[in-house]
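Okay, structure first, notes after.
The values are calculated or read from the model by the stated rules, or taken from the named source; none is laboratory data. Every value quoted in this text rests on a predicted model; they were computed, and no experiment measured them. Cβ: placed from backbone, ideal geometry, glycine included. Neighbour counts: every protein chain shown.
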Amino acid sequence: MTNKSKPKLRSQILILFFLLQVSGAYAMDDLFPRQNSPVKVDWDKKGEVYSRVYFDTESDGPYEDNGAYDTWIKLENSIRFEQVPDLFLKIDGEARVIDSWGGASDAIEEFNVQEAYGQFDTQKYRFVIGRQTLTWGKMDDTVILDIVNAQDMRQFFLYDKNERKIPAFMLEGDFFADNWQLEAVYLPFANTDEIDYFESDFSVFGHVKRAVAQGNYAGAAKSLVSQIAIQDKDDVTDRSLKNGQAAIRFKSRARDVDYGLYFLSLLENTPTLRERSVKGNDVKRFLYTQTGSSLTALVSANPSGNDLELVAEHPRVNVIGADFETVVGAFGVRGEIGFFSGKPYLKDDFAYTERDLIATGLGVDHTTAGNLYMNFQYVQQSILSDESLFAQKRDTHALIGSLSKPFLRGKVTAHMDFAYNLSWKDWMINPEISYDLADGVNTALGLFVFGGDTSTLFGRYNDKDLVYFTVKYSF
């Protein structure tokens, strides 16, 4: 067992360096006031220091973390020039450290430019170039049409979808008419989800490599499992224009209904593993099931070389979709539908395949006279194939929602998110109580609980129930 109870020195240096940069920028602004400059600049600066500490509710395995912390510092800059009022610049930076103790998960240390783009507006047109995130679709915390940006899934669903989004370099153009808007985006390069496959509590395959290497297994089994590798498809990781992606959205309003029509041609953000040979299917069977029988079958297949290398496939998926939003009495109602051509899956024998999919979602939200906010969303997915697929049903149904209520004149808020997969019976709940401690300072205490069969989305983490405490300072 690896003990990582002390943060690495380089983590502290990274945060210190970022703080110096932030404080230095503000100090320079005080020493050299912008009004003395011939260029009149309206520079809006704000930032956030965020830290969340997790504690595992129960020790369920030898490699599982006892706890972890996730800390980031963000600085956002919005810049306008008096001489060019139609030009807008945005530059955001983030330093982040994720580490753990009492387990075997690898640390994550990053310093990233987040959104960084230039925007030029006229009365009827808007042009944007640079790294940015888009929010498309009408559903809350449900991803159907909101797929232009990839997501950071290294912490699974511990953050909402907007916090998980990864900014991507793109060109955006908008045309505004009296009662409609046309928006088009082009991404010259692939952008794919951030995923850990091994050696963290929320990785896809957990600590299976370490468990086999240190377990009571034959040398042949240990050798084979240690050689398993997952590589992104070469032409996806290339900075090549052949990976260009495009999306168009038409927005308008009819009576009291806002609606949008979509066409997207994107590389699938979330990878599906493709085998390089038939024996690669035995490798996938072992990784996804992690049973003694699947390990025995893997050894019996005697794979070698390319058999043990799996490819993270990101096929091009074309999407036609629509959304709407309206108000019915005291209820907000919204919905989305999308037809996806060529979504990737695994067959029952774990061979890679692609099938068409229709996904629909319907959401309703309401705030009661007692200030209780309720948001419920129903999602259905239908795979247009009768072929049996691994860990899939032809039709699946899920219920997702949230409840929140403020107390003490809004200083305290009780909130709960939940998700329940009606088809697989797996679920997640996330109750939280937050308190506004002072101006710009918020604290929160919460819990993540997962349940379901170990082959399901949430059930595979049913031994990862967490208690967490969060402090956020906004300036």
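Tabulated data for the structure shown
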item: Any hit, region 276-287, residues being surrounded by fewer than 17 Cβ atoms within 10 Å (Cβ to Cβ) and either in a helix (DSSP H, G or I) or in contact with a strand residue (DSSP E or B) (Cβ under 8 Å, 6 or more places away or on another chain) (or both); result: yes
item: Tally, over region 174-187, of residues that are surrounded by 16 or more Cβ atoms within 10 Å (Cβ to Cβ) and under 23 Å from the mean Cα position of the chain (by Cα); result: 2
item: Segments classed as helices (runs of 4 or more DSSP H), wholly inside region 188-269, with at least 3 members that are surrounded by 14 or more Cβ atoms within 10 Å (Cβ to Cβ); result: 208-213, 219-227
item: Wholly within region 365-475, strands (runs of 3 or more DSSP E) carrying at least 3 residues that are more than 22 Å from residue 142 (Cα to Cα); result: 427-438, 441-451, 466-474
item: Some residue of region 427-441 being in contact with a His (Cβ under 6 Å, 6 or more places away or on another chain) and either within 22 Å of residue 403 (Cα to Cα) or basic (Lys, Arg) (or both); result: yes
item: From the options 331, 324, 339, residue that is over 21 Å from residue 224 (Cβ atoms) and touching a His at 6+ places or on another chain (Cβ under 6 Å); result: 331
item: Residues satisfying the stated conditions in region 348-362, i.e. touching a residue at least 60 places away in the same chain (Cβ under 8 Å) and part of a strand (DSSP E or B); result: 352, 359, 360, 361
item: One residue from 203, 240 being modelled with pLDDT of 90 or more and of a type in the set (Ser, Thr, Tyr); result: 203
item: Close pairs from region 120-137: first of a type in the set (D, E, K, R), partner in a loop (DSSP other than H, G, I, E, B), Cβ under 7 Å, at least 6 apart; result: 131/167
item: Members of region 288-336 found to be crowded, with 16+ Cβ neighbours inside 10 Å, of a type in the set (Gly, Ala, Ser) and over 29 Å from the mean Cα position of the chain (by Cα), listed by number; result: 294, 301
item: Every residue from region 394-433 that is closer than 23 Å to residue 469 by Cβ, more than 23 Å from the chain's Cα centre (by Cα) and of a type outside the set (Val, Ile, Thr); result: 405, 406, 407, 408, 410, 411, 414
item: Some residue of region 32-43 being within 26 Å of residue 131 (Cα to Cα), part of a strand (DSSP E or B) and modelled with pLDDT under 90; result: yes
